[in-house]
Every structure is written in C-alpha cells, then in structure tokens.
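First the structure, in the form of structure tokens, and then the observations on it.
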Ligand SMILES: Cc1cc2nc3c(=O)[nH]c(=O)nc-3n(C[C@H](O)[C@H](O)[C@H](O)COP(=O)(O)OP(=O)(O)OC[C@H]3O[C@@H](n4cnc5c(N)ncnc54)[C@H](O)[C@@H]3O)c2cc1C
C-alpha cells in the first residue's frame with residue numbers, strides 16, 4: 001500500500017493538515033513544509049506565560065454544522081477535546097447591546113415594527129431552508145437583501161455588517177455568500193481545549209505517528225520542474241517531490257515558476273480579498289456584559305466586531321484575564337496596517353468606553369496586535385464560473401485555498417474540505 005510517490009505539501013494550515021491525512025492514508029510519502037515555527041496558519045495562536053491555553057490571533061469558533069473538521073478530528077482520535085457552548089451574540093445599535101441570536105430575539109428586537117420583524121424573520125428562515133445556495137449567486141447581496149428581508153431590517157441589521165466587512169467591495173458580494181453564512185450558522189459554537197493552535201499541534205502529532213514528515217521554519221520560494229520531477233527551493237534546503245500541493249495564499253507562489261505565474265494570471269489576477277486585523281485586549285474585568293460576540297451596527301465606529309473570548313471560554317485558562325478581540329477587515333492600503341498597537345488602542349478607546357462606560361485605562365493589562373493580508377475573499381456575481389481549479393495545468397502541481405471553497409465562506413471546516421478534495425484529485429490523477 002505504501003510508496004505511491006512523494007508529495008510535498010506547502011503550508012501546515014488546516015488545508016495542508018487535512019490533505020496530509022488523506023494522502024498519507026492512501027499510501028503516499030508525505031512531507032509538509034511550513035514557513036512558520038508552528039502549525040495552524042490563520043487558526044494558530046499565542047500563549048503568555050501565565051496562560052494554560054493558547055489564544056488564536058484571530059477570533060475562532062466552529063459551528064455545529066462543521067462536519068468535515070469534526071470528522072477529521074474524530075479520525076485522529078481527538079474528539080474528547082471538542083467543547084460546545086451556546087454563547088451570547090448581540091448587536092451594538094443605538095448605544096445599546098441587543099441580543100440577537102435566536103428567532104425569539106427577532107421578536108424582541110426593539111427597533112423594528114411587527115410587520116418588519118415578520119418580514120426579516122421570514123427572509124432569514126427562507127435562506128436557512130433554501131438548499132440551492134449557488135443559484136442565488138446571480139443576485140448582489142446589497143440589492144436582493146432589502147427585498148428579501150425588508151428594507152428597514154436590512155438597513156439596520158445586515159447592511160452595516162456588509163459595509164464594515166467588505167468596505168468599498170460591499171456592493172460586489174453575491175447573495176450566495178450571504179446564504180452560506182446563514183445556512184452554516186448555529187447557535188451552539190464549538191471550540192478545542194487549548195485552542196485551535198493546539199488542535200493543529202495535536203493533528204501534527206497524529207500525522208507524525210503515521211509517518212508524515214514536517215519541516216517547520218522553512219519558507220519555500222521557488223518551484224523547479226526538471227526531468228527528474230519537481231523540486232521546491234526553500235530558504236534552508238531543497239525538497240524533491242513527485243507531486244506538490246500549495247495551500248498558501250496565492251500571492252505567495254505566483255512568482256515561483258513560469259507555469260504558476262501563468263496559472264495565477266488566468267485564475268487569481270483580478271480576484272479581490274481583504275486582510276484582517278485584531279487588537280487583543282487583556283483586561284482585569286469584562287468589557288461586555290456576558291456577550292461573546294458583538295457586531296457593531298452603529299455607523300462611524302472604527303471597528304467591526306468586539307468578541308470577548310472569555311465570555312465563551314473560561315478565563316481560568318488564561319490566568320484569570322478577560323480577553324477581548326477588537327476586529328477589522330482591511331483593504332490593502334488601509335492606514336491601520338501601519339499603526340502600532342498603542343495607536344490603534346487610542347483610536348478605539350473612545351468607542352470602547354461607549355460600549356462599557358466603566359472601562360478605565362488601568363483595567364488594561366496589555367494589548368497585542370495581529371494582522372494577515374489574505375483573510376477574506378470577495379465573491380461577486382456568478383463566482384461559481386470563476387473558481388480556480390485545483391489542478392494548475394503544471395504536471396503534478398495542485399493548489400488549494402479559500403478562493404476555492406465557494407459557496408461557503410472561508411473557515412477551518414472548509415479548509416479541511418478543500419484539503420481533502422485536493423487529495424482526492426491527486427489520488428485519481
Ligand atoms: C479574522 C479571521 C477570523 C476567522 N474566524 C474563523 C472562525 O471563527 N471559524 C473558522 O472555522 N474559521 C475562521 N477563520 C478562517 C480560518 O482561519 C481559515 O479559513 C483557515 O485557517 C485557512 O486554512 P488554510 O490552511 O487554507 O490557510 P492558512 O491558514 O493561511 O495556511 C497556510 C499556511 O501556509 C504557510 N505558508 C505561507 N507561505 C509559505 C511559504 N512560502 N512556504 C511555506 N509555508 C508557507 C503559512 O504560514 C500558513 O501556515 C477566520 C479567519 C480570519 C482571518
């Protein structure tokens with residue numbers, strides 16, 4: 001069964017880990033090469049000395065509907081470490097936190113009339129039940145949603161989120177993207193004991209026990225194909241392969257090889273994506289009153305969400321600190337990319353103290369800033385016709401990333417799914 005050939009996977013994020021599992025299982029000799037010193041990619045995290053658990057650089061949770069990742073977790077014997085909770089989600093609107101995570105919350109919502117609430121509830125229920133999401137891709141979300149959900153419901157609840165998340169691209173996003181967000185969402189949220197970086201480490205340990213080789217701290221920067229096969233040039237060494245799977249952001253490999261540059265030009269040039277930035281506040285007391293996730297629906301705020309992780313997971317695993325993300329999605333020239341964490345805190349502070357009037361500077365133990373340039377694809381109308389193929393056209397070279405998980409939004413579950421899909425294609429090639 002073993003020794004089908006040598007596969008090198010670039011990237012030890014969840015796409016790469018999933019592909020490694022399936023290819024190893026099928027009898028390939030698998031090597032995973034990762035630029036960073038740890039696995040987990042966008043789902044990885046950091047740990048301070050007084051914490052027992054790691055915290056993700058970017059807020060993370062799973063939905064109960066994330067079947068692909070739960071399947072992989074189960075296959076690796078790690079299911080015991082998955083926890084489910086039902087934390088509170090709310091909207092910050094008209095200087096108030098309004099709970100908004102169940103049909104009852106729509107009924108109780110104070111800023112819409114009964115007819116408007118019924119329209120909103122019916123529209124959301126329709127999307128939740130509608131099975132053919134891709135068929136909605138011909139509509140732009142910002143044009144279809146006022147009709148589907150009612151103008152006031154859309155203006156108050158979803159328009160601010162679309163605008164804040166996608167900025168100047170908000171009018172491009174198609175309705176299938178929005179459908180997928182509603183369809184996949186569950187009130188119960190899942191987490192992994194120790195954090196998703198811990199999950200990645202546990203997966204690495206499992207894969208190593210099955211014979212997968214890992215090289216960390218090795219940034220690959222060139223692909224050479226010659227008669228003997230494929231060769232990946234890293235900063236430290238060269239890696240020989242019969243086949244290669246690239247799971248890194250597409251801009252990372254576009255210049256690695258003439259054929260890859262041509263594939264990038266055909267399938268990725270012109271595609272738009274946003275970056276993400278979080279400011280993590282370590283506080284002596286809570287910022288939000290029991291709410292885990294607070295969408296900012298008020299115009300003029302310099303951030304999109306506030307997520308109090310320790311209103312989801314217990315603060316005891318983080319040295320008793322209250323940990324709060326202040327999150328944003330950023331276009332490539334946004335001035336926040338260059339800001340220092342203290343500068344960002346100064347900009348955010350007057351707004352944070354509107355949300356919690358009792359918050360004082362002396363409540364802040366520390367602040368951390370994290371950012372990633374490739375964080376959120378923007379999918380426009382008829383995107384299904386523009387999904388980049390996993391096969392690049394270069395013999396033995398494959399690509400898997402979040403531009404290919406459509407109609408689903410990016411997520412660990414879909415990274416696991418695209419990794420598996422790429423592995424299946426490699427198996428039948
Ligand atoms: C703000 C934010 C919030 C999110 N929230 C959630 C959430 O709540 N739930 C959820 O399920 N998902 C969430 N996600 C999405 C999720 O993190 C990603 O979809 C998923 O982790 C992507 O995995 P990946 O393996 O495809 O890519 P990545 O995680 O990007 O992995 C790619 C890997 O390739 C490595 N690499 C890059 N270049 C090179 C190179 N030249 N050589 C070697 N290695 C290289 C990188 O270091 C990285 O480890 C969130 C993402 C963001 C940005």
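Name the single residue, out of those in segment 389-412 being in contact with a strand residue (DSSP E or B) (Cβ under 7 Å, 6 or more places away or on another chain) and not in a loop (DSSP other than H, G, I, E, B), that is nearest to the ligand (Cβ to nearest atom).
Within segment 389-412, the match that is nearest to the ligand (Cβ to nearest atom) is 412.
Do we have any residue at all in segment 254-273 that's within 17 Å of the chain's Cα centre (by Cα), within 15 Å of the ligand (Cβ to nearest atom), under 24 Å from residue 16 (Cα atoms) and buried (at least 21 other Cβ atoms within 10 Å of the Cβ)?
yes
Quick check on residue 415: is it crowded, with 23+ Cβ neighbours inside 10 Å, more than 15 Å from the chain's Cα centre (by Cα), assigned to a helix (DSSP H, G or I) and assigned by TED's automatic domain parsing to the domain that holds residue 197? Reasoning before the result, please.
Values: crowded, with 23+ Cβ neighbours inside 10 Å: yes; more than 15 Å from the chain's Cα centre (by Cα): no; assigned to a helix (DSSP H, G or I): yes; assigned by TED's automatic domain parsing to the domain that holds residue 197: yes.
Taking the combined requirement at face value, the residue does not satisfy it.
Of the residues 333, 421, which is under 23 Å from residue 254 (Cα atoms), assigned to a loop (DSSP other than H, G, I, E, B), without any contact (Cβ under 8 Å) to a residue 40 or more places away in the chain and not assigned by TED's automatic domain parsing to the domain that holds residue 163?
None of the other options fit; the residue is 333.
Can you tell me which residue is nearest to residue 301 (Cα to Cα) among those in segment 344-380 that are within 16 Å of the ligand (Cβ to nearest atom) and part of a loop (DSSP other than H, G, I, E, B)?
So the residue we want is 378.
Please pick out the residue among 39, 64 that is surrounded by fewer than 16 Cβ atoms within 10 Å (Cβ to Cβ), assigned by TED's automatic domain parsing to the domain that holds residue 411, within 16 Å of the ligand (Cβ to nearest atom) and at negative phi.
Numbers: 39 fails: surrounded by fewer than 16 Cβ atoms within 10 Å (Cβ to Cβ).
Unique residue meeting the criteria: 64.
Does residue 3 count as away from the ligand (no atom under 11 Å from the Cβ) and at pLDDT below 95?
So residue 3 fits the description; yes.
Residue pairs, Cβ under 7 Å, 6 or more apart or interchain, first in segment 245-258 and under 22 Å from residue 332 (Cα atoms), second within 9 Å of the ligand (Cβ to nearest atom) and part of a loop (DSSP other than H, G, I, E, B). List them.
247/11; 247/13; 247/400; 247/401; 248/11; 249/401; 250/401
The values are calculated or read from the model by the stated rules, or taken from the named source; none is laboratory data. Small disclaimer: the values here were computed from a predicted structure and weren't measured. When we count neighbours, we look across all protein chains shown, and the Cβ atoms used for this are built from the backbone with ideal geometry, even at glycine.
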